[in-house]
Structures are given as structure tokens and as C-alpha cells.
Amino acid sequence: MDGALLLDTPVNDREGPGGAALRRSLGEDVLVVIPALNEEAHIETCVRSLLAGDPRLNAVEIVVADGGSRDRTRIIVEELRREFPNLRLLDNPRRLQSAAVNLAAREAGAGRSILVRCDAHAIYPSGYVMQVADSLKRRSVASVVTPMDAEGESCFQKANAWIVDTPLGSGGSAHRGGRKSMFVDHGHHAGFDLKTFLHIGGYDETFSHNEDAEFDTRLRQAGGRIFLDADIRLTYRPRATVGALARQYFNYGKGRARTLMKHGEKPRLRQLIPPATLVACLVGLAIAPFTLWSLILPGGYIVALVLASVAVAAKRRSLCGLMAGLASATMHMSWSAGLFRQLLKGQRL
């Protein structure tokens, strides 16, 4: 089957003029998948937020794909099913989010043409699911992605949120606080043409991180278009501690390296800057006993972080902003370390 021809066909034209898809409410075409694992603190709020704000949601199929939760996640979902008959609980023996979405797409996608992926620990704006579905249908694209706006509660989390959506934090990724709708190479996954998603094999289930970027690479190779809809926005809470942020970005770096190696891609300039900075700092420190001039490299980086911290603190009128440099350095160095670790390891898991 020609992937490009498939991807250029509008969602509701796939069954031909007068077909069943044209006669149905768009809600009946939508499958929502929520991967979950020990999410008792969030799953009810998440489900309720997804099913609010649009009457068409009554026809949506919403699947919680549970990876073997040991808390009350499954009990809560079963209780919610009494209130929401279109809610379904599915076992995900492979536990990973990538496997959860693939499994639900295969087992619950019959008769549906739109897949919306959601996160169990997120609270979604009213009508989010149908906004994504409407955008996907209106633009006849393979995927719709959305911007994310970071917000924090604790001091470090606020600093993290304030810096992550800037070029010094995320490197200028369009979906990190972006305000312009446009076609992109990658973004925060929201909606997919379900037939296309299955056609290219769904997510690579060997990826525990960066499965979204790896999928988008294959999607582009198949001729698919990815549209960032800046009118559909999500608020998320970044990691609240240095350790948690470091682990997150170390895994992101490993996942990015695997994607690059799998597809023989070259990293972009913004992806080269953090590892180059890490190498420059390490080299500068290593040869400092022989020449203090080498400290210009790590020293310059520290000065840049300090200036950024002061700027963020001044802009936000909060001393918490002084931790922005620490958050930024944690992201840069951890991501770079993960990237190098995986490159040295090769494609092995």
C-alpha cells in the first residue's frame, strides 16, 4: 500500500462518498487511549477531564491500558465504568506506554478512524479530545500535535517550568510553549489517523523513551504530515527535583540516540549544542592543571547559566528563578550523558 496516498486521504473520505463514516457523528470515530501504571492519584481526574465539555464524547471509546497497577488504579477505573459506559479497561502485559497505545489501537480500534493518546497524570482542558479530532479531520493530516505550557508549584519546579519552554531549556522546540500553528517534524503527540498509525506499525515497543520522536521519523518517511495546532494547549507539571529531572533527561538522551542510530539520522544543531557543551566543560576541567585558560570553557557556561537565572528571576519577580540555571544545566548534562551512553552502547537495550 502506498503510504503517501494513504496519508493524503481525508479521514472521513476513506469509505467513499456516502459511506458509513459520513453518516456518523465524529465522536463515533474516535478512540482515546490512556496508558496507566499505578496512577490512582490521577486517573479519575484525568478521565473526567477528558469526558467533559462536548456531547459527542458520549460516543467516544476511551480505553485505559493498564500495565499491571498494584495500587487502586484498576478499581477506580472499574468504578468509573458505572458512570461512563464508553470507558474500558485493557490489560497491557508489556507495561510500556508504547505497547499500551499499540495494543489498544489493535484491539479497540475497529470501526474507528481517529486515535487520541492521553497521559494518565494530566488534566485536560474541556473538550480537548474533540478539538484534536476536529483539527485532524479538518486538516486531513496524519497527526496533530499540541504545545505544552509548563507550570510549577515548588520553587525548583517553577524555575524548571520557566526555563524549559525557552531555547536555553528545550532548545527552541516548537511544541514547548509555541504560539504558532504550523507543520512540524515532531511534537507532543495528541491525535493520529488510526489507519495510518497501524499502517506504519504504531510505536516501536523496544523504546521506553523517545518512542514519539521515533514514530514521527517513520511517519515523515511514509509521507505523513504532522500539524502543530497552537490553539489546543496543554498545561503540564515538570519534574520537581534535580534527581527526577536528571533521570528523565538521561532517558530522553538515550532514546534520542537510539532513534538517530536506527534511522541513520544526523542530529540537528540544537541537539549538538548540549553534548558539545558537556565535552567542552570536561576537557576544560581535565587540562586545567596545565593551563588555567582552559577554565574559560566551563566558566563561560556557568556564567551563561547565572545570567539566565538572574534574567528569569527578574522577569518573574521571584527568587525561585535563580534556580533556572540549575534546572537548565541538569537538562543539558543529563540528556548529553544519556546520548553518549547509548551511542557507546549501540542499539542494544
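The values are calculated or read from the model by the stated rules, or taken from the named source; none is laboratory data. Just so you know, these numbers come straight off a predicted model, no measurement behind them. Note that we place each Cβ from the backbone using ideal geometry, even for glycine, and neighbour counts take in every protein chain shown.
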#### Entry: Search result, residues across the stretch 62-85 that are among the hydrophobic types (A, V, I, L, M, F, W, C) and either surrounded by fewer than 18 Cβ atoms within 10 Å (Cβ to Cβ) or over 24 Å from the mean Cα position of the chain (by Cα) (or both)
Ile75, Ile76, Leu80, Phe84
### Query
If you go through the stretch 159-170 one residue at a time, how many are in a loop (DSSP other than H, G, I, E, B) and within 27 Å of Val116 (Cβ to Cβ)?
1
#### Entry: Any chance Cys118 is outside the structural domain of Ala222 (by TED's automatic domain parsing) and either under 18 Å from the mean Cα position of the chain (by Cα) or not aromatic (Phe, Trp, Tyr) (or both)
no
### Query
Of all residues in the stretch 293-325, which are within 30 Å of the chain's Cα centre (by Cα) and polar (S, T, N, Q)?
Ser309, Ser318
### Query
Which condition number does Arg247 fail, the rest of (1) without any contact (Cβ under 8 Å) to a residue 24 or more places away in the chain; (2) not in a loop (DSSP other than H, G, I, E, B) being met?
(1)
### Query
Can you find a residue in the stretch 108-131 that is small (Gly, Ala, Ser) and under 30 Å from Val312 (Cβ atoms)?
yes
### Query
How many residues, within the stretch 42-61, are farther than 22 Å from Gly109 by Cβ, in contact (Cβ under 8 Å) with a residue 40 or more places away in the chain and either buried (at least 18 other Cβ atoms within 10 Å of the Cβ) or of a type outside the set (Val, Ile, Thr) (or both)?
4
### Message
Regarding the stretch 314-328, can at least one residue be identified that is among the aliphatic types (A, V, I, L, M), within 30 Å of Phe215 (Cα to Cα) and at pLDDT 95 or above?
### Response
yes
### Message
Being modelled with pLDDT of 95 or more and either outside the structural domain of Arg94 (by TED's automatic domain parsing) or assigned to a helix (DSSP H, G or I) (or both) is the filter here; which residues of the stretch 179-211 pass it?
### Response
Leu194, Lys195, Thr196, Phe197, Leu198, His199
